[in-house]
Amino acid sequence: MISLPVVALCIFTCGLTTDSRVTTSENELPETTLSLPEITFHVVWTSPVSGYVANSCQDQPDACGKNTSYHLTLPENHVAMVSFPAFSLKDEQYVNLYAVTEGGELTRLWSRSTTTPLGIPVELVNTSLFVQLVSGREDRTSESFKMLFSFHPVSNYPQRNGDGLFNCSSADYTSFRHHLDCNFLIECLGLEDARDCPGYEPESQKVYRIFRRMGAGAMSWNDGQERCRQLGGDLAMMKTMAEWNKFYQLVGNVSPPVSYVVWVGIHGFDLNVPDYYRHAYFWLDNTVSYSVNLTHFHYQSVQGRVCMYHSSNRKRQLCFAACNFLYASAYACQVGRHQSSEESLRAVEFPELRDLIRKTTNQSFVRCENGGHITHSFLSCDPQSHCGTGQLQFDCSISNTNASGASVTSKDDAGLAEGNIRESVSDDNNDASFKAAEVRVAMFVCDNGRRTVPYSLVCDFREDCDDASDEAWCVHREKCAGFTCHNGQCLTETAHCDVRRDCWDGSDELCDHIHLLTRTISRMLPPTLISFDGQGNFSQTPLSPSDSCPETHLRCSDGNCLPVFVRCNGVYDCSDKADEVECDNVTCPGFYRCRSSSVCVHPDHLCDGWPQCPQRDDEWLCQAQCPSHCSCHGHAFVCSRPFPAPSFPQLRYLDASGSGMTMNDVSTNVYLTWLRLASCGILELPVMDLPNLRMLDLSDNQLTTLGIDVFLSLTNLVILRLAGNPLLSVTAGNNFTQQRTLQVLDLSGTFLTSLGSQSFSGFPELRTLNASNSKIEVITEDGFLHTPKLGVVDLRGNRVERFSVNLFNGLKRLVAVYSDNYKLCCRDTLPSNFEIDSCHAPRDEISSCEDLLRTDVFRAFLWLFCILACLGNAGCLLFRSFVHKTSLSSGFNVFVSNLGAADFLMGIYLAMVGGADIAYRGQYFLSETAWKSGVVCQAAGFLSLLSCETSATMICVITLDRFLVLRFPFSRFHFKPRSAVLACVAVWLLGVIIAAVPLLPVTSQWQFYGQTGICIPLPITRQSFPGQGYAFAVMIVFNLVLFLLIAAGQVLIFWTIRATAITSTARYKSKEMTIARRLTSIVVSDFLCWFPIGLLGVLAATGTPIPGEVNVAVAILVLPLNSALNPFLYTFNLLVERWDRQEEQRLLKALEEQRDQD
């Protein structure tokens, strides 16, 4: 047994409303209803396996207006097929279809109440049927109900395919054909059930039928469409002559032949389609009706959309009325095969452009590389114009203008000023003068950062940013004497409700009534040449099938030639809809491509007085002029000389850097959004009233003072650039009203020395502050008190030494800090929620926020060298003063003792730095300024430099002394103790002078010894500091000279010793060689200390980058090394010599004793 639903049929009358169609659900019918007294339907058997159940007051008077039913028993191993060729009931009557189970229970399958005669599909069931008619009143008027049934063996019963259609070409079709014929439902795969029907049109394979609403009043077009859809179709659409002939044949056969009107499937203009269709009409499948003769019938104004009807009084002509108007008594429906999907259609092809010399205006156009289409030059970087790289562009390169102000796109475009655009547009850009004339124009960046928009499109009432940020803030001060759109756009009163969207937001057409003119229009069937006039009308010119379309048009499969701009405009102009296929792949080669769409416009239609593009951009700026000495990018100008700006009231963007223009020159350009007057020699600013200005650049002018009150009228100002001005102060001015839109302030390169609470009190919305490369040294504790939303602060290039430890604590939105002072990036200075890695400052290689010496390694070596220098040199002095009283030669002992004293000062210096490190442990950054500028650090630095230079000079003098002794042993020109003391005094005096120069009043501003935490600036870094030249001259140049003298002296000493080695006594030679070795070891140690410093200093002076770690190693490990090693080198030699001499004497004494014993 097959598994098909069991069906019974019932008709009930249960008080339904007049217009009810499909009525109650299964749960709404109580089971008690089935037990009501019922009358059995009249059954007629037309064969042993087929028949019908019928009911009418004429054939069965006793059942008229009463509940009636019939139980149809299904033969075993059969399937029942049922259909309803007649189904016309009164109101308050309906039919239910029940399945009868094997236990006799009823299960309702569907329930209907209808005034629709057709549209019930054939049913296949495999059990008995139960039919019931229920009426809520006893009405003796005639009603019609008929159900056909037939029984088919299970082994050979009609079956539907996957689309629900029967195979009616089989031999057994005759056994169920009476169920399907002309029931206005396409249920045969080959349309066999429709071919013999009066409304069948074979060419389009459609079936038309006219239905009349009898005795129930008129219906609206909307009602008719709803009824047709219930039947699985639509109101009738006739696009070909064959279809029209079939329609008029049905109209002529309507019975009874009385006056009536019939709704058909065509309606009027929809505001969602372009304006040039304003007087066009559309079939229900949204294709344009180009071939319908129509009349606006008697209505000067209607409510809502208008729809079409046919009147029997107007032959072969259709008329219009409001779609919701209860007017017609009939409606024409159609059913048929579904048309092929758009995927299977072949797109219409664009014509090939042959002659590209087109009329246009002096507005510049460019050819886009990605697609080959053309667009306005000011849209060349607009992502919505499909031109450029396809990536987000924040500025755009544009070409300059010629002397007359006409825009040029290539050197061959001589005819453009006369109104021609040539094929060479933007193809020949290799001219050197053209390249040199290119300038860059910034793009407006939407607030969400997803799009950039040309400034020419800002504040034009149309939202180009997806967050509306290009329009939301705009101020429009013009008073509107006509109709004001919801978006503020101003129109004439005649533009209101004229079935044409003039407001960008369409608010001018939110109307209760639409005005129509009474007129008759005659149309032609394809093929025709269709042209639009821009006023909503189109004209037709007949064509023969062999005629080709002009290059401004493309051809549809029906033969019509349509303008190129209807391709992919969202409206089906070709009857097969092929003009809207593959629109995602359209590139418009050689044509103008409309913004934010795939619509292509032929060059002949650019600037022709009416728009073809959805955004009307083909008509933008057609009459725009460009001043002399300016490059124009729509409403964006880049000018090198002054021009009459008030003559360009739509100016949005102006870069007049170096032109000499002032704010007074643009005071009336209220739509200015971006303004740069850099390097214009501006001395002072007037109070400015430019309500739409968002970016103002006054860099590199001559402004010395600035009051915030001059910006208060700039109610949309977001970015203010004052870089490079000799500003000495920024104050709140005389008016303490705040400017609440400024977010970016650039004060870089100014002469500001401090930032206080009054500097930014007028800018509470400030997000970004750039004060780099100024002269700021002090930031008061409340410097950022009035800018709680500050997120980025740039203080690089400033010697910010005085600031509060809580400077940034109140800035909870701070995300980035840039500074040259690492102390501004200490944890205690920043907000608690701030990411420390987002604070960018060069790390102090020596110190940290917590400690003067950032690592324990530095600390360990510092104390090691301190101990070695102090103990070693102190021991040396004591040894030479009290133990080793004799000298090898005259004056030598004086020099060595003074050398030890000089090196001892280095130990004192290291002890002072180490003590400060202990004193400031854990909170160094709070006391760094006090330490560096304090007396202790200055004294430590003085001692360090004094030690270094005195030690080096003393070694040079000792080298000279040794050379004189060895080279001229019998000369009178030797250092005696007295002359040695005088020489040492001179050396100490020189060292004091060198170390004291940075402390003089004329050099005190250097803060020479306060450059680093260790109080000695080494010139081995590329970073400049005050007094760097002096440090380089002393520590590099002077010490290099000393080193060269010492090296030369040692070479001479070596050659002298070698020359006298033969003539000298062995004992004298041994003593002098000992002295030479001792001095050589001292000189070598000095070389190893000062050579790295000199080499690094020279490399740094030539720009070679020196890692910061190297600087630290030199300062902590190399600089004090010589002072720590010197005493051990020459004192150790003396001790060894003394020990050797004692050992020699002991051996001699032992030998003498041995000889005496012998």
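Hey, how much of the P(r) for segment 167-291 falls beyond 26 Å, as a percent of Cα pairs? More than 26 Å apart: 32 percent of the Cα pairs in segment 167-291. Cross-link check: pairs K206/K577; K823/K932; K206/K239; K146/K246; K775/K932 evaluated at a Cα-Cα cut-off of 23 Å; pairs beyond the cut-off: K146/K246. Put simply, the amide H of S289, placed in the peptide plane, has neighbours under 5 Å in Y281, F282, W283, leaving out anything fewer than 5 places away on its chain.
The slack in the chain from R827 to L1045, taken as 0.36 nm per residue of separation less the alpha-carbon distance, amounts to 73.4 nm. Computed 3J(HN,Hα) for segment 912-918, one whole-Hz value per residue from the Karplus formula 6.51 cos²θ - 1.76 cosθ + 1.60 where θ = phi - 60°, is 5, 5, x, x, 5, 4, 5, glycine and proline marked x.
Expressed as a whole percent, the accessible area of segment 760-857 that falls on carbon and sulfur atoms is 46 (1.4 Å probe). Less than 5 angstrom separates the built amide H of I374 from those of C368, G590, F591, Y592, R593, all sequence-distant by 5 or more or on a different chain.
Under the rule a/c < 1.5 gives rounded, and otherwise a/b versus b/c splits prolate from oblate, where does segment 562-670 land using the Cα gyration tensor? Present the calculation step by step, with values, prior to reporting the outcome.
Values: a/c = 3.61, a/b = 3.31, b/c = 1.09.
Because a/c hits 1.5 or more and a/b exceeds b/c, segment 562-670 counts as prolate.
The percentage of C-alpha pairs in segment 856-961 whose separation is greater than 16 Å is 64%.
Inverting the mean 1/r over all pairs of different Cα atoms, compute the Kirkwood radius of segment 981-1052 and quote it in Å. Don't jump to the answer; show the numbers that get you there.
Working: mean 1/r = 0.0722 Å⁻¹.
In segment 981-1052 this quantity evaluates to 13.9 Å.
Computed 3J(HN,Hα) for segment 494-504, one whole-Hz value per residue from the Karplus formula 6.51 cos²θ - 1.76 cosθ + 1.60 where θ = phi - 60°, is 5, 7, 7, 6, 9, 6, 8, 6, 9, 6, 4, glycine and proline marked x. Per residue, the accessible area of segment 540-581 comes to 33 Å² when a 1.4 Å probe rolls over the protein heavy atoms.
Cα gyration tensor of segment 446-559, axes a ≥ b ≥ c as square roots of the eigenvalues: rounded (a/c below 1.5), prolate (a/b > b/c) or oblate? Working shown, then result.
Numbers: a/c = 3.62, a/b = 1.69, b/c = 2.14.
Oblate, because a/c is 1.5 or more while a/b does not exceed b/c.
For segment 200-209, 3J(HN,Hα) computed residue by residue from phi via the Karplus equation (6.51, -1.76, 1.60; θ = phi - 60°) reads 7, 10, x, 5, 9, 6, 10, 10, 9, 7 Hz, glycine and proline entered as x.
Based on the reciprocal of the average 1/r between different C-alpha atoms, the Kirkwood radius for segment 897-958 equals 12.6 Å.
Relative protection proxy for 857-868, 716-727, from highest mean packing down: 716-727, 857-868 (other beta-carbon atoms within 10 angstrom). In summary, segment 620-690 shows an alpha-carbon radius of gyration equal to 1.04 times the 2.2 N^0.38 Å reference for compact globular proteins.
Expressed as a whole percent, the proportion of Cα-Cα pairs in segment 895-1013 lying more than 16 Å apart is 66%. Decide, for segment 743-890, between rounded, prolate and oblate: order the square roots of the alpha carbon gyration tensor eigenvalues as a ≥ b ≥ c, take rounded if a/c falls under 1.5, and otherwise choose prolate if a/b is larger than b/c, else oblate. Prolate shape, in that a/c is at least 1.5 and a/b is the bigger ratio.
Accessible surface calculations at 1.4 Å, restricted to protein heavy atoms, place segment 610-688 at 38 Å² per residue. Here's how it looks for H71: its modeled amide H is under 5 Å from those of V131, which are all 5 or more places away or on a different chain.
Each principal axis of the Cα cloud of segment 142-197 was evaluated for its coordinate range; sorted largest first, these ranges are 40, 26, 20 Å. Taking the average, over residues, of other Cβ atoms within 10 Å as the packing measure, peptides 993-1000, 609-616 rank 609-616, 993-1000 from highest down.
When you count, for each residue, the other Cβ atoms within 10 Å and take the mean per peptide, how do 1044-1053, 124-133 rank with the highest first?
On the way: 1044-1053: 16.9, 124-133: 22.8.
Top to bottom by mean Cβ count within 10 Å: 124-133, 1044-1053.
The mean accessible area for residues of segment 158-238, using a 1.4 Å probe and ignoring ligands and nucleic acids, is 45 Å² per residue.
The values are calculated or read from the model by the stated rules, or taken from the named source; none is laboratory data. What you see is a predicted model; the values in this text were computed from it and never measured. All Cβ positions, even for glycine, are placed from backbone atoms using ideal geometry, and neighbour counts span all protein chains on display. Quick note on the areas: whole protein, heavy atoms, side chains included, nothing else; ligands and nucleic acids left out. Shrake-Rupley method; radii C 1.70, N 1.55, O 1.52, S 1.80 Å.
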